[in-house]
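Have a look at the structure below, then the notes.
The values are calculated or read from the model by the stated rules, or taken from the named source; none is laboratory data. These numbers were taken from a predicted model, which means no experiment stands behind them. Heads up, the Cβs are rebuilt from the backbone with ideal geometry, glycines too, and the neighbour counts pull from every protein chain shown. The protein model used for the area step is the full one, side chains on, heavy atoms only, and it has no ligands, DNA or RNA in it. Shrake-Rupley method; radii C 1.70, N 1.55, O 1.52, S 1.80 Å.
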Amino acid sequence: MESPALALQRHFLTGSSCFSPKPSLSLRLPAAIVRMSLREDGPSVSVVGVTGAVGQEFLSVLSDRSFPYRSIRMLASKRSAGKHLTFDGRDYVVEELTPDSFDGVDIALFSAGGSISKLFAPIAVEKGTIVVDNSSAFRMDENVPLVIPEVNPEAMVHVKLGCGKGALIANPNCSTIICLMAATPLHRRSKVKRMVVSTYQAASGAGAAAMEELEQQTREVLEGKEPTCKIFKQQYAFNLFSHNAPVLSNGYNEEEMKLVKETRKIWNDMNVKVTATCIRVPVMRAHAESVNLQFENPLDEDTAKDILGECPGCGVGRIRRDVSQDGDYGLDIFVCGDQIRKGAALNAVQIAEMLL
Ligand SMILES: NC(=O)c1ccc[n+]([C@@H]2O[C@H](COP(=O)([O-])OP(=O)(O)OC[C@H]3O[C@@H](n4cnc5c(N)ncnc54)[C@H](OP(=O)(O)O)[C@@H]3O)[C@@H](O)[C@H]2O)c1
């Protein structure tokens, strides 16, 4: 049986050497949807990091949402240049990312890591491209909007497509997006004073190679073999550990501090108190988070359920009154979300849709 990690890769990519040319899901899309997406009046789009976990999800989301485009370029590293890929029933050749890749490109969706974004996003912006970046490279830059469309769409109102002026918009960290999708509607109602987040993060958050490593290790451990550790320093299968992001001088790892800083920027509230503990758990895909909220104004469980039940993008799960606090000033919520999708690709495509 095909592994989930390989299935993710194979979803769209059919290469000359590594991938067998199986038909992708997009080939089965009805012709009407295909015609709706490829439109002369749509923007020209490029996907940077198209062979990765997020890049593949970009294609899936663009296709599912019939995102209109005039043309689309598939960009990755030199390693992938020349591989074939099927999207919306058409064959594309993956190109190596170079400074010329953005000539005539209206919107570029970046997911190739921070160093690539730092190098190429300014080049793209200079050429008039609007870049939606999934890396952390520009998130805390005060001139760059950090946007979750359901939460703070107003942060990007000044960015306009078609005026020839390039711009950068940052996609928040995946754990931040998943947390704030649920916490923001409650914050709007009763103002969060303090938020304590504990995450349970999947392998997919570390990319396609990490998913493959978890799968390989699981097989090896079950067979009584020593697990192969390339992406993570320690055994991941049947284990959990502090998030692999570098530990900072204050003892927090970078992932934890992203939740702290990005929440403040997105809520435009430098006083909100946030703390986080980020843990990798051996699941393939989708992060879970335990979020404890302390409010300035009272909010009971039933009202919180009603509020979240009406929020686009949210389904209501477990909500408890925090018994450690007097009155209705605290809630415990348990949040789950597909971080490759809403935590990365879907959020970025929603941002691109707001530009249309
Ligand atoms: N995974 C998630 O859930 C998630 C969520 C939010 C944000 N992000 C961010 O999104 C970015 C990508 O994550 P991922 O999980 O998709 O990683 P990934 O699966 O490892 O994919 C990395 C992608 O970057 C490309 N790349 C690497 N070096 C390159 C170069 N020199 N020039 C052009 N392309 C290059 C790779 O192309 P090759 O195949 O040719 O090497 C591949 O397409 C990271 O910044 C990550 O922090 C990820």
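Tabulated data for the structure shown
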| quantity | calculated |
| --- | --- |
| Net +/- balance of residues flanking F102 in space, Cβ distance below 12 Å, scoring K and R +1, D and E -1 | -3 |
| Distant-in-sequence amide H partners of I72 (H built 1.01 Å from N, under 5 Å) | V45 |
| Karplus-derived 3J(HN,Hα), 6.51/-1.76/1.60, for each residue of the stretch 309-320, Hz, glycine and proline x | x, 9, 8, x, x, 10, x, 8, x, 8, 10, 10 |
| For I130, net neighbour charge (Lys/Arg +1, Asp/Glu -1) across residues whose Cβ lies under 14 Å away | -1 |
| Environment charge of L346, counting only residues whose C-beta is closer than 12 Å and scoring Lys/Arg +1, Asp/Glu -1 | -2 |
| Contour excess over end-to-end distance, with Cα ends at E353 and R320 and 0.36 nm allotted per residue | 8.4 nm |
| Quotient of C-alpha Rg and 2.2 N^0.38 Å, computed over the chain | 1.01 |
| Ranked order, S290, S135 - accessible area, probe 1.4 Å, largest first | S290, S135 |
| With DNA, RNA and ligands ignored, accessible area of S46 (1.4 Å probe; Å², nearest 10) | 0 |
| Selection of GluC sites (Glu not before Pro), the stretch 53-153, meeting DSSP coil and at most 16 other Cβ within 10 Å | E142 |
| Helix-derived mean residue ellipticity, 222 nm - over the chain, DSSP H n ≥ 4, -39500 (n - 2.57), to 500 | -9000 deg cm²/dmol |
| Table column - 3J(HN,Hα) (Hz), the stretch 242-253, Karplus curve with 6.51, -1.76, 1.60, x for Gly and Pro | 4, 3, 6, 5, x, 8, 8, 5, 8, x, 7, 8 |
| Other-chain or far-sequence residues with amide H under 5 Å of A245's (modelled H) | E255 |
| Nearest-10 value in Å² for the accessible area of D103, using the 1.4 Å probe | 90 |
| Pairs beyond 29 Å (Cα-Cα), from K233/K265; K78/K230; K193/K230; K83/K118 | K233/K265; K193/K230 |
| In sequence order, calculated HN-Hα J values of the stretch 288-296 (Karplus, 6.51, -1.76, 1.60; Hz; x Gly/Pro) | 10, 9, 8, 10, 9, 10, 10, 10, 7 |
| Contour excess over end-to-end distance, with Cα ends at K273 and L240 and 0.36 nm allotted per residue | 9.2 nm |
| Gain in span if fully extended, M284 to N297, counting 0.36 nm per residue against the direct Cα distance | 0.9 nm |
| Accessible area in square angstrom per residue, the stretch 234-356, 1.4 angstrom probe | 47 |
| Shape category assigned to the stretch 183-326 from the gyration tensor of Cα positions, a/c cut at 1.5 | prolate |
| Accessible surface of R139 - all protein chains present, 1.4 Å probe, nearest 10 Å² | 10 |
| Cα centroid separation - the stretch 215-291 against the stretch 32-87, whole Å | 29 |
| Ranking by accessible area, most exposed first, for L346, L75 with a 1.4 Å probe | L346, L75 |
| DSSP-assigned coil residues among chymotrypsin sites (Phe, Trp or Tyr not before Pro) in the stretch 226-300, each with at most 15 further Cβ atoms within 10 Å | F238 |
| Percent accessible area from carbon and sulfur atoms, the stretch 176-339, protein chains only, probe 1.4 Å | 48 |
